[in-house]
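Worksheet for the structure shown next.
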Amino acid sequence: MCACKPGFRYPSGQHGPFIGFDLEDASPEVYRERFDCIRIIDQIDGVEVRTKRSAGRDALDEIMNKLEEITLDNCHLLPYEETELDQRFLYMADMVLRTQELAAVRTANFLSNYLQNAYEDITIIDQNNEELKSRDLTEEQLFGEVLANVVADGNLFGSAILFQSLAFKGSTGRFGPYAFREPAKGERHFYAEDFAILGGYEFYFETTQKTPIESLDRFYSKIDIRARRDGSGAPSTMNVFTNQTYLAATTRHGKWNQPFFDCFHGNWVVPYFVPFFMNTKNKQSVTFA
C-alpha cells in the first residue's frame, strides 16, 4: 500500500492508501493521472498557489455550470460540440462506473464466445441417438440481452449490440438491438428498437475496430450440456465439453467516449464501447463483428 505524506490528501473517490494491485493493473495514462496525492495547502504567505486541488475545483465548477445550462428546451439550438463534456469528466470513470463497464464487457464476451463456438457444423448425439445441432442467435434473444442489462441497473440508461453490415446472420445490412429507459414516463418504462435504423453510430466502429486481434485474451470454458433434448436427466448423463476457447476483449480494450447531452430524452450519457469478435469464414482466426 502507498500512503500520502502529511500535508497531502488522497484524490476524490480514493478511500485510504493506494493499493499495489490497482497500481499494477492501471494503464500508463491512468497511472500518471490517478495516483497522485494532492497538497492540502492552497495558500502560502498570502500568495495563492495553483495546486491540483484548486485546478480541480475550477474544472468541477465549469462542468457543473454546463450541466445546469444545457436543458431539453435549449439543446436543439446548440451545436453538437457544445452539448459535450471534455475528457476531464472521464477521470476515474472506470472506477465510478465500474458496474456498467463490467456489464458491457460481459455482454461482449458472451457474444464472442457464442459466435466463435456455436456454428452450424457442431452436432451433439443425445441418448436417443438424435442429433442436437447448434443454433444461431435470434433477434429476439439479442433484444432480450440488451433489455435485461437496462432493467437490471437503474444507473444504466441504454444498452446496445451493434453488428457490422451482414455480420449478423439473416440480416440484410447492419443490425443493432438497442434498449433504453424513459425516466420521464416512470421508473419501469423501457423501450427497444433497432439502432441500425437510427444510424449515426459510425464513431463506435471507428473506435472499436482499432483493437488489435493479437491483444485479445484467450478464455477457456467448460460447458455441461444435458444429453436429452428436453433438458432432463441427472448430471452424470451430461455431455461435457472442456475444449471450448474463444478470444475476447477485457476492460483494457473498452473505450470511454465523451459525455453528451441526449436531446431526445433529456439525459447526460457517458458512452462505453467494447468490441466483440466472430470467426472468419475459414474459422482459422477471428474478425471484428
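Cut-off 14 Å, label point 7 angstrom out along Cα-to-Cβ of Y191: give me the residues of region 131-171 whose amide nitrogen falls inside.
In region 131-171, the label zone of Y191 (backbone N under 14 Å from the point 7 Å along Cα→Cβ) covers 158-159.
Using 7 Å Cα-to-Cβ label points, what is the S215/K5 separation (nm, one decimal)?
Between S215 and K5, the simple spin-label model gives 3.6 nm.
Could you pull out the pairs from K185/K210; K210/K283; K5/K66; K255/K281 whose alpha carbons sit more than 30 Å apart here?
K185/K210; K5/K66
Using modelled amide H (1.01 Å from N, peptide plane; none on Pro or chain starts), what sits under 5 Å from the amide H of D262, excluding residues fewer than 5 places away?
N267, W268, V269
Suppose accessible area is computed on protein heavy atoms with a 1.4 Å probe; arrange E202, E214 from highest to lowest.
E214, E202
The values are calculated or read from the model by the stated rules, or taken from the named source; none is laboratory data. From a predicted model like this one, the values you see are computed outputs, not experimental measurements. Virtual Cβ from ideal backbone geometry, glycine too; neighbours counted across all protein chains shown. Accessible surface is based on the protein model in full, side chains and every heavy atom, while ligands, DNA and RNA are left aside. Shrake-Rupley method; radii C 1.70, N 1.55, O 1.52, S 1.80 Å.
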